[in-house]
Structure formats: C-alpha cells, structure tokens
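Report on one structure; see the data block that follows.
The values are calculated or read from the model by the stated rules, or taken from the named source; none is laboratory data. The shown structure was predicted, so the numbers you read here are calculated from the model rather than taken from an experiment. In this analysis, Cβ positions are derived from the backbone assuming ideal geometry, glycine residues included, and neighbour counts consider all displayed protein chains. For the accessible areas, the whole protein counts, side chains as well, though only heavy atoms, and no ligand, DNA or RNA atoms are used. Shrake-Rupley method; radii C 1.70, N 1.55, O 1.52, S 1.80 Å.
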Amino acid sequence: MFSRSHTAQKFLLERSSKSLRVLMAEEGSEKENGGSASMDSMESRWVYEDVWESEIDDRLADGGATEEGNFPRMDSDDEDIAEQKLIRTGPHIDSFDVEVLEVPGAQRNDIEDVTMGRRLILAFQTLGVVFGDVGTSPLYTFSVMFSKAPVSGNEDILGALSLVLYTLILFPLIKYVLIVLWANDNGEGGTFALYSLICRHAKVSLLPNRLPSDTRIFSFRLKVPSPELERSLKLMERLEASLFLKKLILMLVLAATSMVIAGGVVTPAMSVISAVDGLKIGVSGIKQDHVVMISVAFLIILFSVQKYGTSKVGLVVGPALFIWFCSLGGIGIYNLLKYDTMVLRAFNPVHIYYFFKRNSTKAWYSLGGCLLCATGSEAMFADLCYFSVRSVQLTFMFLVLPCLLLGYLGQAAYLMENHADTTQAFFSSIPSGAFWPVFLIANVAALIASRTMTTATFSCIKQSTALGCFPRLKIIHTSRKFMGQIYIPVMNWFLLVLTLILVCTISSIYEIGNAY
C-alpha cells in the first residue's frame, strides 16, 4: 500500500516521462527587407499544454487525489490525440540582454531598486552628505566677491547677484543635476568613474586593467546603426588611434581627481572658519586667534565622527541641514520684504554685462569669489555611490536650489541699503532677534559641509585604487546594504592634518577663498 505522497510522486514521474509535450508557437513577423523572423527576448511565449495534465495539477493542488486509482489514466493510443490548450508563459530573458543591461527592470545598482519610502529617506540623508558644502556657500560668497571688487553703488550689487544666480543655474542645476548625474558608471560617480566608462567602450586606457575577456565582449554589437552611433564610432576610432589623446585624457582625469582631493582639504577650513567668524558680529571681544582655536577644535571633532559611516551620520545631521536651508530661505524672504524687492531684477543677465563694464579687471577677480557659490557641486557626482540619482535630483531642485536663491536675494536686498557690511554680508543680514539661533545652526551646517568633500575624496580614492593609480589602503564598508558607503582611515587623518595646517597658517577666509 503506497502512501499518498509516494503515489503522487510516482504518477508525476510517469507523466513527465510519457506525456509532457511543450511546443513553441511560431511568433514574429518577417522584416520588411526580407530578413528572417525575429523574436524579442522580452516578449511572452505561447506554448501548448495537455489539458488533462493541467486538470491533474488542479486536483493535486486541491487534495482531491488521495489514492493511486483516482489519477486519470491514458492509453498510449489516447496520448496522440490528447486535447491541448494554448497558454502564455512568462518573458524569456536572453543572457546577452542581461549582459548589456538592456532588460527593463534589470538591477543595475542595489541603491536604485528601492521603494518610495526609502527614496525619501535617501533624499533626507543627501542633505547631510552631499549638499552641505554648496548649502553653506552663502556664508562667504558675497564677502569674498566684494573684497575684490568693492561696492560703489547698487548696480554693483545687482551685477554680483546676477553672477551668483546664473552660476547656480548653469553649474549645479544644468551641468550636474540635469546632465552629468546621468553619466554614471552603474551608480558610481566621479572623474575616474567617467574614465572607466570610456575605457569600457573604447580602447583608450593606458592602465593595465583590461582583461582578455573584455575584448570578446567589446566586439559584440547589439545596437542598430544610426547617425548618432556612426558619430560615436568615428570619435572612438580617433581616440583609439591617437596616443596623445589617450595621455591627455589620463592626465586630465588625474588632475581633476587631485583637485577634488584638494577640495577635501580646503572645504572644511573654509566652511568652519567662515561660520565661527560670525562670533565677531555677536561678541565684540572675539579676535581672530580665538576663531582659529575654536575652528581647530571643531575640525578635530568632525573628522573623529567620520568613522561612524554615511548612513548613520547622514540621518543625524540631515535634520540640522534641513533646518539650515529653511532658515536660509526664511531670512531671505524677510530681507526681501523688509529692504528691497528690486533685487529681483538681477534675473536679467544684462546686469552681468554692466558689472564687468564698470569694474573691468576687478570684476574678473571677483569672478573667482563668485565660483564659491557653486563649491561642492562636484560632490553631487562624486558622492553618487552613496545615494541614488533621483534622491540627489529631487533634493536639489525642490529644497536646496530654492533656499539658496532666496538666501542670496535676501543678502543682496540687505546690502542695497547697507554697503558697509559687505565684509560680513550673511551674519550682518540676520535679524537681531534670530542671530544666535542662526549662528548656532550655521556652525552645525558648516561642520556638516566639511564632510561633503571628505566623502567625495573617499570615493575618488577607491576608484583610483581600483584602476591602479593609487596605493592600496584599508577601506571599511560602513553599510551592510550599500557597497558604495565607505570609510578610509588613513585618508581621513591625512585630510585632517592638512586642514589643520591650512587653518593655522592661513586664517583669513579671503585668502582661503583665493586658494579654492
């Protein structure tokens, strides 16, 4: 006497050896040029299945077959005339489609396949990791600009404001958020990620990091010829044939990465000193030496908590940056309504022309200070391995950029009636009743901003190490979910030492701004 499970297994084995027939239905149409029929690997297939087999599956699922005799039997003659029905199967994914990541929904990066709630959390964390530097630029941008080109009239303020507004629109928004962020290497950002992406599609690498199997994959083509592809192939052939262009690309990559690392040294010094320097407005007895000592203490604390990881620190400092951006926008609206709404005319770019016409050489010097308003923009791309593209874009367009624009407009409105306060434009424009709360949150934001380029430096070092351009260092992964979130102890303390040397030797924000 066989048990129920043994009987079912025996019958299923017999059925699979005798009666299982699956016939693929021909699908697809002939191409217009007379080619053979083609089938998209992602389309569903139609197959024939015996009706009696599907009935058996239903009975097994319902528990109706309890004995061996309850299963329907078919003679060998009946098998040939068994009734069949046409069913639709799931999509068939071809291995080449997976290889080239052209399958819709294929997981390119773990961080991209997240829910909406997780994206909101990531967007909140980006405030504390990615946008700290560009968010604290209102602390010093106008002060550095007007130290090079002193204000002689309201037209100078409008011209400088117009420069700042269009710098923010052109560089962070159009260049990085709308264009460069999409040129990532499977979720990795930064200069070396771009170089690796180019080397994967063209034989331009001078680094010994190409495997023999890459040549076979490189020779495989799936794209249909088009004018865009032809132009790309011509450019690729020109790059592959020129040794000079190969060397030039590599040198540009190394130089750009070096400047990002240098930004990891200058940014903490610039942000912290500019924030602590506000004590001179609130307390008359504060000297520059006191500002330096407080800045050194803040920097040591800052680099000491770096080891706790991006996710933990990002969640802790995210609310602080959110309050900072809200304060920046609120102060801007207050100053606009109180002083002069005519600064909105700065959205007319003709004031930039008038600014350069009046100040000539001094205007070009102040242009270096204007670029400070976009400091940290490169961190949006370099820190892309920590977050998703969508989280960075949403946070910048709907929170960071509007608050920055309002902050600069408010400072300009205040300066229209207070030309003498250009040396401390931000702290002088704060309403007296809100000075100390804003001063406190500004210092917290400056400390957070210092982490922005530090994390970007970690990402660049990891990528350069992978390509053999940097010595191997100990890399600690601070997240179990996202491989891009890392911490490099040696680089962390190296950046701290260089930052402290810079703060102690060059304590003026104007000179540090020139270095930047």
Condition set among the β-branched types (Val, Ile, Thr) and assigned to a loop (DSSP other than H, G, I, E, B), scope the stretch 130-189, selection farthest from the chain's Cα centre (by Cα): answer is Val151
Scanning the stretch 387-429 for residues that are assigned to a helix (DSSP H, G or I) and among the aromatic types (Phe, Trp, Tyr) gives Phe396, Phe398, Tyr408, Tyr414, Phe426, Phe427
Q. Does at least one position in the stretch 212-228 carry a residue that is in a helix (DSSP H, G or I), open to solvent by less than 40 Å² (accessible area, probe 1.4 Å) and modelled with pLDDT of 80 or more?
A. no
Expected output for the stretch 461-479 (first residue under 20 Å from Ala262 (Cβ atoms) and part of a helix (DSSP H, G or I), partner of a type in the set (Ser, Thr, Tyr) and open to solvent by less than 50 Å² (accessible area, probe 1.4 Å), Cβ below 8 Å, 6+ apart or cross-chain) is Gln463/Ser196; Ser464/Thr257
For the stretch 438-451 the number of residues that are open to solvent by 20 Å² or more (accessible area, probe 1.4 Å) and touching a residue at least 24 places away in the same chain (Cβ under 8 Å) is 4
Exercise for review: Evaluate the following for Phe356: is it among the aromatic types (Phe, Trp, Tyr) and crowded, with 19+ Cβ neighbours inside 10 Å?
Suggested key: no
Condition set among the hydroxyl-bearing types (Ser, Thr, Tyr) and either in contact with a His (Cβ under 6 Å, 6 or more places away or on another chain) or crowded, with 23+ Cβ neighbours inside 10 Å (or both), scope the stretch 392-422, selection nearest to Val180 (Cα to Cα): answer is Thr395
Among the residues of the stretch 368-378, the number that are in a helix (DSSP H, G or I), under 24 Å from Phe458 (Cα atoms) and open to solvent by less than 10 Å² (accessible area, probe 1.4 Å) is 3
Only unsatisfied item for Ser388, checking (1) crowded, with 20+ Cβ neighbours inside 10 Å; (2) more than 30 Å from Met259 (Cβ to Cβ), is (2)
Over the stretch 292-305, the set of residues open to solvent by 50 Å² or more (accessible area, probe 1.4 Å) and closer than 15 Å to Gly264 by Cα is Ile300
- Message: Whether any residue in the stretch 242-262 is assigned to a loop (DSSP other than H, G, I, E, B) and either among the hydroxyl-bearing types (Ser, Thr, Tyr) or at pLDDT below 85 (or both) is what I want to check.
- Response: yes
In the stretch 167-194, anything surrounded by fewer than 17 Cβ atoms within 10 Å (Cβ to Cβ) and modelled with pLDDT of 90 or more is listed as Ile169, Leu170, Ile174, Leu178, Ile179
Of (1) under 24 Å from Phe298 (Cβ atoms); (2) part of a helix (DSSP H, G or I); (3) open to solvent by 20 Å² or more (accessible area, probe 1.4 Å), Ser507 satisfies every one except (2)
Within the stretch 104-129, the residues that are at pLDDT below 65 and in a helix (DSSP H, G or I) are none
> Just to be sure, is Tyr365 assigned to a helix (DSSP H, G or I), at pLDDT below 90 and either β-branched (Val, Ile, Thr) or open to solvent by 50 Å² or more (accessible area, probe 1.4 Å) (or both)?
Replying inline: yes
Condition met for Leu384 (within 11 Å of the chain's Cα centre (by Cα) and either in a helix (DSSP H, G or I) or modelled with pLDDT of 90 or more (or both))
yes
Ala425: passes all of (1) among the hydrophobic types (A, V, I, L, M, F, W, C); (2) open to solvent by less than 20 Å² (accessible area, probe 1.4 Å); (3) closer than 17 Å to Leu321 by Cβ but (3)
Phe381 fails exactly one of (1) open to solvent by 20 Å² or more (accessible area, probe 1.4 Å); (2) in contact (Cβ under 8 Å) with a residue 12 or more places away in the chain, namely (1)
Within the stretch 269-291, the count of residues that are open to solvent by 10 Å² or more (accessible area, probe 1.4 Å) and over 27 Å from Ser432 (Cβ atoms) comes to 0
Reported set for the stretch 452-461 where residues are touching a Leu at 6+ places or on another chain (Cβ under 9 Å) and either modelled with pLDDT of 85 or more or surrounded by fewer than 24 Cβ atoms within 10 Å (Cβ to Cβ) (or both) is Thr457, Ile461
